[in-house]
Amino acid sequence: MAYERVNWENLPSKNTPVNADNLNKMDTGIANIENELKLNKNTIQEQQKQIEQLQKEIKELKGDNSSWVSLGNTVYYKKMGNIVTIRGYSLNNVALNIKGYKTIATLPQEIRPSIELAFPWTPIGENTIGLVRISLDGTLDLYSENGTAWWAFTITYII
């Protein structure tokens, strides 16, 4: 119920007498506000706990750059639970001579998928689609039809 103000008037007015009805109305309004404040405080505390938990989970998922594991000069991976992210790029902006499949890394056993995976990528400067392929034996291959390519990719999958 919304609080209705008394709108007190100064003496000598008799429109707003200081009596039990008016004082109890104020007392009830103050008690209601106090109860609402307690409820809001509890809600805020609970939401703060939820925010802190979510921030912790985000931090764990996000990690930092030191959590990337190198598979050579140009390929890195990060494993977060059962989610694996692999990124690779042309080293020092040097194009790689790729015509057909070229193995660029071998994945450790603990991040190999249970099925062969292929992801499209666009070789920079080419009008073709390439493939990043992960074989069952853990080889990570790039595929390009045309030959020399600048390349970069990020792939994520669940193991």
Please list the non-local residues whose amide H lies under 5 Å from the amide H of Gly130, H modeled 1.01 Å from N, same-chain partners needing a gap of 5 or more. Trp121, Thr122
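Add +1 for every Lys or Arg and -1 for every Asp or Glu among the other residues with Cβ under 12 Å from the Cβ of Glu34, and state the total. Mind dumping the intermediate values first?
Numbers: positive: Lys38, Lys41; negative: Asp27, Glu36.
Combined, the nearby Lys, Arg, Asp and Glu give 0.
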Rounded to whole Å, sorted largest first: equivalent-ellipsoid semi-axes of the stretch 1-62, Cα gyration tensor: 47, 10, 7
Given labels modelled 7 Å from the Cα in the Cβ direction, how far is it in nm from Met80 to Tyr157? 1.9 nm
What distance in nm separates the two pseudo spin-label positions at Lys41 and Arg133, each 7 Å out from Cα along the beta-carbon direction? 6.6 nm
HN-Hα J in Hz across the stretch 109-118 - Karplus 6.51, -1.76, 1.60, θ = phi - 60°, x for Gly and Pro: 3, 5, 10, 6, x, 7, 9, 5, 10, 9
Identify all lysines with a Cα-Cα distance to Lys56 below 28 Å; exclude those on the same chain that are fewer than 8 residues away in sequence. Lys38, Lys41, Lys78, Lys79
Counting only residues 5 or more places away or on other chains, whose amide H sits under 5 Å from the amide H of Thr106 once H atoms are built in the peptide plane? Leu140
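Extension gain Leu23-Ser90, at 0.36 nm per residue separation less the Cα-Cα distance, in nm? Mind showing how you got there, number by number?
Values: separation 67, 0.36 × 67 = 24.12 nm, distance 7.86 nm.
Result: 16.3 nm gained on full extension.
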Which whole-Hz ³J(HN,Hα) couplings does the stretch 31-39 yield from phi under the Karplus relation 6.51 cos²θ - 1.76 cosθ + 1.60, θ = phi - 60°, glycine and proline marked x? 4, 4, 5, 4, 5, 5, 4, 4, 4
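Readers should treat all values here as calculations from the given coordinates under stated rules, not as data from a laboratory. Predicted, not measured: the structure shown is a model, and the values here were computed from it. No Cβ is skipped: glycine too gets one built from the backbone with ideal geometry, and neighbour counts run over all protein chains shown.
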